[in-house]
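Participant: First the structure, then my questions, so here it is.
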Amino acid sequence: MSTLRPETGAALDTIVATLSTDAFYQSPGGRRFLIAATMLAGVKRGSRVLDVACGIGPASVDIAEAFDCKVVGFDNFAPYLAFGRQLANSRGVGKLVTFKELDANEPLTAFDAGSFDVVLGLGGGVSDSLPGGLAAGFQAAAGWLASGGVLIAGDLISPVEPSELMKIVFGGSLRSESEFLAALTSAGFEVIFSSRATRLDWATLKSTMNTLRERSLDLGPTDERNRSTLTEAAQDHPEIAYLNVVARKV
């Protein structure tokens, strides 16, 4: 299989332009970050991808359509998965994407070690949906990945050490940027790229959330609705940022 790299593959804007105008990402950076990260990391066409806490499936469908990847996405909310299946079929990648309903500890034993080339954790999926928090989530991702595999993830962080107020608001789950990156390294990853979300990323997220609400698609479990509310509010708070990262298992 050939490797699609920035210098030899299609340009980012060209690939994005081939995809549906509906990009239902509930995290800053969304589609453009996913496609750029895939190209930056040199992910092979046809790679095996695991989408953690996939929600309504935009990342699963996009990476399957853009790069012919074989994707398994899991979430614990059945209506999201039903929408994801419909989305995959409407975009012509229903045979490439499989959605599974898994909850609590189930994902930890559902997949064989080293069985994926890419793990997606957009919207805090790796750190928020798996038991044990950030460090355990990164360790789980490392276990699912083959040697040299790629983690593409994003999460709310604090540019500095979180204040006591922010620790209370987030229940202790908010980490500083340095702690977040250190946890990646401790789990056996080498950081290829990291960047905080831009104002345009936040504006795109706001527009997406408004569209989802108009279509009644942003409903979900209480914890997810609370996280969405915090994420939307984060753009206006100096102690909070959103960090997108690409890392390789070493």
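The values are calculated or read from the model by the stated rules, or taken from the named source; none is laboratory data. Owing to the predicted nature of the structure, the values given are computational and were not obtained by experimental measurement. Please note: Cβ atoms are built from the backbone with ideal geometry, for glycine as well, and neighbour counts cover all protein chains shown.
Participant: Taking into account only those residues within the stretch 110-136 that are at pLDDT 95 or above and not aliphatic (A, V, I, L, M), which is surrounded by the most Cβ atoms within 10 Å (Cβ to Cβ)?
Facilitator: Applying the filter and picking the extreme gives GLY121.
Participant: Residues of the stretch 51-78 being among the β-branched types (Val, Ile, Thr) and part of a helix (DSSP H, G or I), which ones? Show your work before the answer.
Facilitator: If we filter the stretch 51-78 for residues that are among the β-branched types (Val, Ile, Thr), which is where we start, we get 52, 56, 61, 63, 71-72.
Matches in the stretch 51-78: VAL61, ILE63.
Participant: Within the stretch 79-129, how many residues turn out to be assigned to a loop (DSSP other than H, G, I, E, B) and in contact (Cβ under 8 Å) with a residue 60 or more places away in the chain?
Facilitator: Looking only at the stretch 79-129, we keep the residues that are assigned to a loop (DSSP other than H, G, I, E, B), and these are 91-96, 102-105, 111-115, 129.
Checking the rest, the ones that are also in contact (Cβ under 8 Å) with a residue 60 or more places away in the chain come to 91, 111, 115, 129.
Residues flagged as assigned to a loop (DSSP other than H, G, I, E, B) and in contact (Cβ under 8 Å) with a residue 60 or more places away in the chain within the stretch 79-129 amount to 4.
Participant: Any residue in the stretch 169-193 that's under 19 Å from GLY42 (Cβ atoms) and among the acidic types (Asp, Glu): show its pairings with residues that are at pLDDT 95 or above and surrounded by 18 or more Cβ atoms within 10 Å (Cβ to Cβ) at Cβ separation under 7 Å, as long as the two are six or more apart or on different chains.
Facilitator: GLU190/ALA247
Participant: Okay, moving on. Which of the helices (runs of 4 or more DSSP H) contained wholly in the stretch 146-250 include at least 3 residues that are within 19 Å of the chain's Cα centre (by Cα), more than 19 Å from GLY125 (Cα to Cα) and modelled with pLDDT of 85 or more?
Facilitator: Values: elements: 164-169, 177-186, 199-214, 222-234.
Filter on the stretch 146-250 gives 199-214.
Participant: Can you report the number of residues in the stretch 37-51 which are closer than 14 Å to ASP13 by Cβ and in contact with a strand residue (DSSP E or B) (Cβ under 9 Å, 6 or more places away or on another chain)? Full working, then the answer.
Facilitator: Narrowing the stretch 37-51 to residues closer than 14 Å to ASP13 by Cβ: 39.
Those still in the list that are in contact with a strand residue (DSSP E or B) (Cβ under 9 Å, 6 or more places away or on another chain) too: none.
The number of residues fulfilling the criteria is 0.
Participant: A further question follows. Could you please let me know if CYS54 is of a type outside the set (Gly, Ala, Ser), touching a strand residue (DSSP E or B) at 6+ places or on another chain (Cβ under 6 Å) and within 18 Å of LEU212 (Cβ to Cβ)? If you could, list the steps in order and put the result at the bottom.
Facilitator: Details: of a type outside the set (Gly, Ala, Ser): yes; touching a strand residue (DSSP E or B) at 6+ places or on another chain (Cβ under 6 Å): yes; within 18 Å of LEU212 (Cβ to Cβ): yes.
The answer is yes for CYS54.
Participant: Out of all the residues in the stretch 145-158, which are buried (at least 24 other Cβ atoms within 10 Å of the Cβ) and out of contact with any helix residue (DSSP H, G or I) (no Cβ under 9 Å at 6 or more places or on another chain)?
Facilitator: LEU145, the sole residue that qualifies.
Participant: Could you tell me which numbered condition ASP62 fails, if it satisfies all but one of (1) free of Cβ contacts under 8 Å to residues at least 40 places away in the same chain; (2) crowded, with 20+ Cβ neighbours inside 10 Å; (3) more than 21 Å from ALA110 (Cβ to Cβ)?
Facilitator: (1)
Participant: Hey, can you tell me all the residues within the stretch 40-50 that are buried (at least 21 other Cβ atoms within 10 Å of the Cβ) and not in a loop (DSSP other than H, G, I, E, B)?
Facilitator: VAL49, LEU50, listed by residue number.
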